[in-house]
Each structure stands twice: as C-alpha cells, then as structure tokens.
1. Go through (1) part of a helix (DSSP H, G or I); (2) touching a strand residue (DSSP E or B) at 6+ places or on another chain (Cβ under 8 Å) one by one and return the number of the condition residue 388 breaks.
2. Within the range 36-53, can one find any residue that is buried (at least 23 other Cβ atoms within 10 Å of the Cβ), in the same structural domain as residue 315 (by TED's automatic domain parsing) and within 18 Å of residue 130 (Cβ to Cβ)?
3. Among the residues of the range 395-419, how many are outside any loop (DSSP other than H, G, I, E, B) and touching a helix residue (DSSP H, G or I) at 6+ places or on another chain (Cβ under 7 Å)?
4. Residue 85 fails exactly one of the following numbered conditions: (1) outside the structural domain of residue 41 (by TED's automatic domain parsing); (2) surrounded by fewer than 16 Cβ atoms within 10 Å (Cβ to Cβ); (3) touching a residue at least 12 places away in the same chain (Cβ under 8 Å). What is the number of that condition?
5. Residue by residue through the range 103-132, note down the ones that are part of a loop (DSSP other than H, G, I, E, B) and surrounded by 16 or more Cβ atoms within 10 Å (Cβ to Cβ).
6. May I ask you to verify whether residue 485 is closer than 21 Å to residue 59 by Cα and not in a loop (DSSP other than H, G, I, E, B)?
7. Testing residue 226 on (1) within 28 Å of residue 352 (Cα to Cα); (2) more than 23 Å from the chain's Cα centre (by Cα), one condition comes back false. Which one is that?
8. How many of the residues in the range 362-385 are touching a strand residue (DSSP E or B) at 6+ places or on another chain (Cβ under 9 Å) and not in a loop (DSSP other than H, G, I, E, B)?
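The values are calculated or read from the model by the stated rules, or taken from the named source; none is laboratory data. The structure displayed is predicted, hence computed values, not measured ones. Here the Cβ positions follow ideal geometry from the backbone for every residue, glycine too, while neighbour counts run over all protein chains shown.
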C-alpha cells in the first residue's frame, strides 16, 4: 500500500460534476486530486442539454466558448402521430430572451465534449484526471480523510483535508459513509439510451413519436459526433431483447414506429436507464461531501440532472476554498442548507413533468414538451436561472428598498467605462474567485476589510451625468440598464458572492456594512451557526 503526500481535496468521479468542482478549486490554488474508476474516458451524448445557468457557470470557468465549438446547430423537432403524420414542428431549445441572462437557450453538446473541455481547462492549471482509480474504502478523523484507492494491482492511500463524492447514482462514497438514498425505483419504467449511426431518416430535423405507452421515442442527429441520439421507453414487461444491442434498438423502433427503410449500425454506446427517484437526507458526513447524481437522481424530463450537479459543485467550490484558507468549517454546512431544497424541488418537478409528458396524444404531448423549453413549463424553470438562496444563512438584506434580494442570482447588464468609453459587462466583472461589491450612487462606499473579507472588488455604478473621481473604479450606466436589472432607483449596495449570488443588498448602509456582514457570520459561527 502506497501512501501519497497529503492534498487539500480528493474528488471521486470525473464526470461533469467532479470536473467542474476540480476546475473551480484548482483555479483558487487548492490542491486537488480527481480519480475515476473508468479505465478510459467515456464517449457518447448522454447528458446533452447545457441550460442557461450552467452556461454562465462554464463561462466563469473559461470553458463555454470551447463548448460552443462542439454545440449542435439548432434543428427543428418533428412530432409524429400514430399514423406517421407530422403534427408539430418546432425548434425547442431556442428560448425567448430573459432580462439579465446572456444565454436564455440551451447548448446541445455531447457529454464527451463537455468533459473534454473541462479536462482541458483542468490540465491548463496543472491537474489531470487519474483514470482506473477505484475507491475501495475511506476513513476520516477530525483533521483529514483517507481514501483507499486501487489502481489495478497497485493500492494507494490518498489523504486530503476533504473528500467529495461525484461518483454517480451508485456512489461508493455515499455507501461508505452510510448516507441514506431515500426514494423509490420505478421498476416498470426503463428507457433505452444510446448513440449510433442511422440511415433512412432525414437528418435536417430531430424526430419524436408518441405512439405507445411511457413517453416519446426520440431520434436526434448529432453531426458533431457523426451519430444519432436515441431514446425510447421500454414496455413495462421489459425490452424486446435480453441484451442491450443494436438489434434491440432496431426492434423497439420497429414495434413503436414501424417506419421501413431505417437502419441502425455502428453503436458508440448503448444502455438501459432505470428510472429512480431518490435523494440523500444529508449532503455531508464530517469531511466527506456528495454532489450531483451521488446526492440526487430523478427522471430525465427537462434535462436537469447534469445541470443540477454542476450547480452543486459551483456552490461548494468557493466555500471549500475559503475554509482551506482559514474560514470556519461551519461555512460548509451552508452547502447542504442551500442545495438540499433545490434537489427536493428538482425531484418533485421532474417527476411531475415526466408524468405530464407521458401519453399517446402527440399534439398534446408535443405542446407540453415544446412549452417546457420555451419558458412555459408549469412545474419549474428548466433554465435554472430562477434558482434562489433567499433565506440562507449567507443572505442578508439591509432593507427592502431595492429590487434584488440577498440570495438571488445577480443578473448581467452593460455599463460604460468612462476612461475608455468601452462597454463593460457585469459578468466580466464577476468572473473569477472574488466577491464583487456594486455601489450605486455617489454615497461613500462601504469599506471592505480585506483581512476579514478576503478579495472584494469594488465598482461604483453611476447614472449618466453624476460626477466621479478619477481614482475610483466608476462605471456609467447610460441607459439605466444596470439600475433596472437590480431594481435600484437611487443609492444601492449589492455584494455578490464568488458563485454569482447576492450576499448583501439594500440602499441604507454605513462605512462598515460589508465588514459587518462578514463579522456577523463569524459571530454566528461562535454560537454554533454560520
């Protein structure tokens, strides 16, 4: 048994969630090791819809532009009735504009490209995924976690301050620390998923058939990977074949659609997805945390799985980094406080949506599916732009006089740098590992005690015509866009967390409001709360 030098954070699982966390930590100079039991990088489309909020996260991490290169061009989707007639054609993922959101629609990217872009980013900061590393056991004490990992015939003890399980629905990490995975398995609901090549179908559109029980059969061309993405519900009594094979896919297609001249071949990956509706009762056991599918699994309706997991990682990363730099460890309790209610909502909404989409009435089902991705979903916002942490221990409203509230996602907007007269995006100011303080109006800014608060970057937002000093970091809001997005009519103070959510907001402040925010949290820690 080899014993490695201690690291800061051990991440188990190198899918999109583990890679997101590793990238966020590594750019903060946190020492990271990320291991995955697979012997080779996975291929195939799998989770392909990168929703609006996740694109903002990936922009901050510096990978969104790379993903755009691999994104499929928006294609119409054709919905067919039982007789093979087209009853609706629509571009589903071209959502209407949302104020303060630069990317209201979705990027359709095969998961292998998403993971490759994140690995590329991770390697640029000196960290590589360690393949073939199977977690066998783990142990922890008050100071560290030890992961016992098997690399083929070699066994290694990897020690870290913290360990995060991003290892999927069957999480070994979750099982080893004894965290319950509550919920149910829908034994009679299974789906075929796969990437393979197809001949005999028009590749200028995606195709969906509602004929038969259990939901839509879908075939969507994915030219960037030279394959088609195939999904189909299996009948309750089981699939047409005893094994997952091209023949099984062809057989279910023949039964459900019966369109002659369509041929399936050259599979990239084929799988059967068992529907589970489960989540953990806690996100943390001592120094061990869970994120993504290791903490919550649900139906694929609305494409929320990978996106919710990425948000888990983005919420946890900056908190781990601050604790490793000396913040009280109880800060990490806010991870569960903020993310567990989100998981509960996602499970409830995806379950309701999956049932809402089921049926053989193509016109009705297609209207509901298209409406979901065009902002008309009755259950939740699949873009995840509306996620809020209002009421969190980390959210503090000074008053209720401005529109934005502590815990809200900070919206994007444009202003102008008076020194260069160039347009400046707020999201460009937020990008990085720091807090951002926006001071609206000409009142003196609240002091940020850097020893207490860490890296806080201050920007004054001024309406046109207001004077500013050359030595202050002032930006002009010539059209009033920033004031409108933040609901500020005169003066305002907005402190934005490293993950883009509002920490502190109001229009009445004094010179110590920001430092008092952090001191308040530290005092809460002394009383057993963060």
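1. (1)
2. There is at least one residue in the range 36-53 that is buried (at least 23 other Cβ atoms within 10 Å of the Cβ), in the same structural domain as residue 315 (by TED's automatic domain parsing) and within 18 Å of residue 130 (Cβ to Cβ).
3. Taking the range 395-419 and keeping what is outside any loop (DSSP other than H, G, I, E, B), we get 396-397, 409, 414-417.
Next, only the ones that are touching a helix residue (DSSP H, G or I) at 6+ places or on another chain (Cβ under 7 Å) stay: 396, 414-415.
Adding up the residues that qualify gives 3.
4. (3)
5. Initial filter on the range 103-132 (part of a loop (DSSP other than H, G, I, E, B)): 103-106, 109-110, 125-128, 131-132.
Within the range 103-132, 103, 104, 105, 106, 109, 110, 127 meet the criteria.
6. Numbers: closer than 21 Å to residue 59 by Cα: yes; not in a loop (DSSP other than H, G, I, E, B): yes.
So residue 485 passes the test.
7. Tallying (1) within 28 Å of residue 352 (Cα to Cα); (2) more than 23 Å from the chain's Cα centre (by Cα), residue 226 fails exactly one: (1).
8. Of the residues in that region, 8 qualify.
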